[in-house]
1. Find the relative contact order for region B:206-285 and round it to a whole percent, using C-alpha pairs within less than 8 Å whose residues are 6+ positions apart.
2. Kindly put A:Ser29, B:Ser164 in sequence by how many other C-beta atoms sit within 10 Å of each C-beta, fewest to most.
3. What is the packing order of peptides B:184-193, B:257-266, A:214-223, taking the mean over residues of other C-beta atoms within 10 Å and listing the highest first?
4. Using a Gaussian network model of chain B with C-alpha springs under 10 Å, which one of B:Leu199, B:Leu212, B:Leu175 is most mobile by mean-square fluctuation?
5. Helices from chain A with mean Kyte-Doolittle at least -1.0 and a Cα length along the axis of 24 Å or more, per DSSP H: which?
6. With the dipole of chain B worked out from charges on the C-beta (+1 for Lys and Arg, -1 for Asp and Glu) around the Cα centre, which of B:Val17, B:Phe214, B:Leu143 lies farthest toward the positive end?
7. Given a 10 angstrom Cα cut-off, can you work out which residue in A:Leu147, A:Leu118, A:Leu27 is the most mobile in a GNM of chain A?
8. Fewest Cβ neighbours within 10 Å first, please rank A:Val174, B:Val89, A:Val28, A:Val89 accordingly.
Amino acid sequence: MTIAISAGGRSGRGVGVKADTMLGILLVSPILITMAALVFYPIGRTVWDSLHRVNPMQAGTPFVGLENYTRMLSDGPLGTTWVNTFVYVVLAVVAETVFGVLAAALINQVKVGRQWLLAAVVLPWALPGVVNAVIWLWIYQPGAGLLNGVLSAIGLPFENHVWFNDRTSAIIAVTVVHVWRMMPLTVVIVLAAMQSIPAHLYEAARIDGATRAQMFTLVTLPLVRSAIAVAMTNATVNAFNLFDEAWVLAGSSLETRPVLVQIYLETFQNLRFSYGMALSLVITLVSLLVSLVYVLRVYRNTRFD
Amino acid sequence: MKQSLSHRLLIWAGVAVLLIWSLGPIYWTLASSITPTEDFSARPIHFFPRHFTLDHFSRLFGIDIARIGGVQVWSQFRAALINSIVTSVAATLLCVAISALGAYAFTRIQFPGRGFLFAAIVATLAIPGYAVLIPLYRIMISLHLVDTYVGVALIYVSAYLPLSLWLLRSVFEALPIALEEAAQLDGAGRLYIFFNIVLPLAGPGLTAAAILTFLGAWGQYLVPLIFSPQATKPLTVLIPEFVTKNFIDYGLITASGSIAIIIPALVVIFLNRYLVSGLLAGSVK
């Protein structure tokens, strides 16, 4: 009896479930078509073509095995761009994390007008990267720029200093623009974690006689650690993806050229399509592996705490 | 907790530094855009413009060019402004529309391969755009979609779809299912429920997804540099062109930069709450 009823119920619902399944597939089909055509197929194509010689100037696309990958090892300019990219990543991740956490802690202390302060801090992130870069190009301008103007106004000898003549200062100048644009992301992520810390923890620390510095290092920091790791992962991937700032501020100059600009030049100026594809796969993997390091570290730390 | 005076001073000093760091460069761009070119190299530097001019904007908008002199850029600038607006708006509408439909299906409807497909789509968030740019370029050439609105908008859609889908699914999952079940018992169909119950409740999530897609598309540079070289060239590609090898026209750059800033600034001022919630959801992928 029970079996008959439940069987009846199931077959009755069966039509509805089938129609529902069809509707579900129908609703996701625009996404699937877009992603298949513009993301999944191109990714597969990138992997496949990176094993071939694809160059619009040369006929045929012969299979070359790992030649595109082995060539990277003896590519001098490429080595320089890797060094530049790693310098950008280290400088940007450290600066964004240290200043971003401090800025988040500061905003967390502000009671009046906090949302306006946060809006001001988020604004650089919302602007187009190219616009940020031209804003800073104007600030760094040797003769009339704001930076030299401010430095000479306080009496330093920087009237016509050219910031892009020297590799160290050029790289720092590009990094500053990148940090200006990406730090808001760290602030937003860490601030959200700080706001979710229950007030009674600070109350308890205060009763135990903790100073503000102790509260920050012993209560706040441990509780926002996973948020900091998330922010660092984002910062890392963004720094590996640095393109707009370097391209607008210094063009193809090898001194500041990151790997991404190298890929652009190899692909769209030298027309070595397959070499560019092999390079983009390698930098994708490297950026994901480096991010994975933080994720694993935080995972381990929180597990054994 | 009672705040000591020194602590409050420290906070105010920190806030001042933070505001100068974040807004200073933007202020300087706006100030420069209304400063006459002759005043640019005036030293010692003036933090407030001593003379006011709209000449840079006039050149940009092609007003009274005969008096000011200089190159005619209005037709280029107008085209770039329209291109930026058209592609960003089209990409945003399309992206939010199809990701909302899909996110609803991924949340509430069972179909084979649901979990796998969702994971595969969201996993592409970890893949930077340039890993697909080159094959995409060849696909777009073979479809004759290079330098067309459709081609560029579709690329933006594919770039921001995973984030938007991820965000909207978490929004839909948080909605109380009881409402939908009640409507279902009353005989409402899936689509009726979606359009009349789910969508109105998901307003903030849709806004966040739309903002992220719009700002992303509005700020794109590498993609239009490759896919929109001429007819559909957006502002982000045009503005750096005012930087030439021999001469950099800072008047035009700061004026056009100020205009490119307006829309993101309005979004941040009026919709920051949604923007921040979207950023948070997007960061924890």
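1. 39 percent
2. Values: A:Ser29 14, B:Ser164 30.
The fewest-first ordering by Cβ neighbours comes to A:Ser29, B:Ser164.
3. B:257-266, A:214-223, B:184-193
4. Of B:Leu199, B:Leu212, B:Leu175, the Gaussian network model singles out B:Leu175 as fluctuating most.
5. Membrane-span-like by this rule: A:2-35, A:76-109, A:167-195, A:273-304.
6. B:Val17
7. Most flexible of the set in this elastic network: A:Leu27.
8. Working: A:Val174 31, B:Val89 15, A:Val28 27, A:Val89 22.
Lowest count first: B:Val89, A:Val89, A:Val28, A:Val174.
Taken together, the values in this text are just the output of simple stated rules run on the coordinates, not laboratory data. Not measured: the values here are computed from a predicted model. FYI the Cβ positions are ideal-geometry reconstructions off the backbone, even for glycines, and counts take in every protein chain you see.
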